[in-house]
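The values are calculated or read from the model by the stated rules, or taken from the named source; none is laboratory data. Quick caveat, the model's predicted, so the values are computed rather than measured. Neighbour counts are summed over all protein chains in view; Cβ atoms, including those assigned to glycine, are modelled from backbone coordinates with ideal geometry.
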Ligand SMILES: C[S@@+](CC[C@H](N)C(=O)[O-])C[C@H]1O[C@@H](n2cnc3c(N)ncnc32)[C@H](O)[C@@H]1O
């Protein structure tokens, strides 16, 4: 298995036959990539309980963490792909957009004026669009599976003025420098060999920051067993708000004893 083959656990039941990208967030195209679309392509229901969950998540993220309506207005836009949403406080809430808003806020607190961001496994492109609105001059390389890249291209083209600063590719070849590499809920879908491939590429390249947000344990892999080297300094190490099965690491390259810290994560 090579790095850009679908991992055995992911997409197993995915149906990717619709070309109706305008509705990609409610017709199964985004299965496994979007909060409410299950891996089998079926749409989850926004019932009362789910709507309340979204409102609470929004409140925690925007009031306890972000506390800046200007930041939210600058980066948060929901509409492309016609997702089901909950209207609240003047905003359309969807799980993916809300959680990515937290990720965008976290990154922008620490990573100053990046010239090049690499996102591995960017789903339908939501976070990249939010970050591009914050860092208008930054270049982005999106690394993903072929069908996800097709979805990202559509979403980003419709969400931004143009795609001039975007490169789409299926592996890490040719990437020599990046201020920031992002991997959110994506390594946890991969085999140990695929994780090792990506980590080796990240660690041998000139990367300053790595934002790695994955489950403590999924399928056959555990975050504490990812083959990190020692030379990372954790700036953020905690579980995500409202998602205590997912660990948020913001790591900066630098002399350290990171593997000791890694082993303290729960199984
Ligand atoms: C669960 S989605 C997460 C999407 C997004 N990062 C988020 O958090 O909402 C997993 C992502 O990993 C990608 N992926 C799965 N296997 C991959 C591989 N071997 N190489 C690159 N990307 C992969 C999928 O295509 C998808 O974009």
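Quick check on this structure: which one of 47, 34, 73 is exposed (fewer than 13 other Cβ atoms within 10 Å of the Cβ) and at pLDDT below 95? Write out each step before concluding.
Numbers: 34 fails: exposed (fewer than 13 other Cβ atoms within 10 Å of the Cβ); 73 fails: at pLDDT below 95.
After applying the criteria, what remains is 47.
When residues of region 245-265 are filtered for being assigned to a strand (DSSP E or B) and closer than 19 Å to residue 218 by Cβ, how many remain? Please lay out each step first, then the result.
So in region 245-265, the residues assigned to a strand (DSSP E or B) come out as 245-253.
Cutting the leftovers down to closer than 19 Å to residue 218 by Cβ gives us 245-249.
Qualifying residue count, region 245-265: 5.
Here is a yes/no grid of residues against (1) under 19 Å from residue 102 (Cβ atoms); (2) surrounded by 15 or more Cβ atoms within 10 Å (Cβ to Cβ):
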residue: 209; (1), (2): yes, yes
residue: 215; (1), (2): yes, yes
residue: 218; (1), (2): no, yes
residue: 227; (1), (2): no, no
residue: 232; (1), (2): no, yes
residue: 238; (1), (2): yes, no
residue: 243; (1), (2): yes, yes
residue: 248; (1), (2): yes, yes
residue: 254; (1), (2): no, no
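Right, residue 106: within 15 Å of the chain's Cα centre (by Cα), under 26 Å from residue 169 (Cα atoms) and more than 12 Å from the ligand (Cβ to nearest atom) or not? Can you show your working first?
Working: within 15 Å of the chain's Cα centre (by Cα): yes; under 26 Å from residue 169 (Cα atoms): yes; more than 12 Å from the ligand (Cβ to nearest atom): yes.
Yes: the conditions hold for residue 106.
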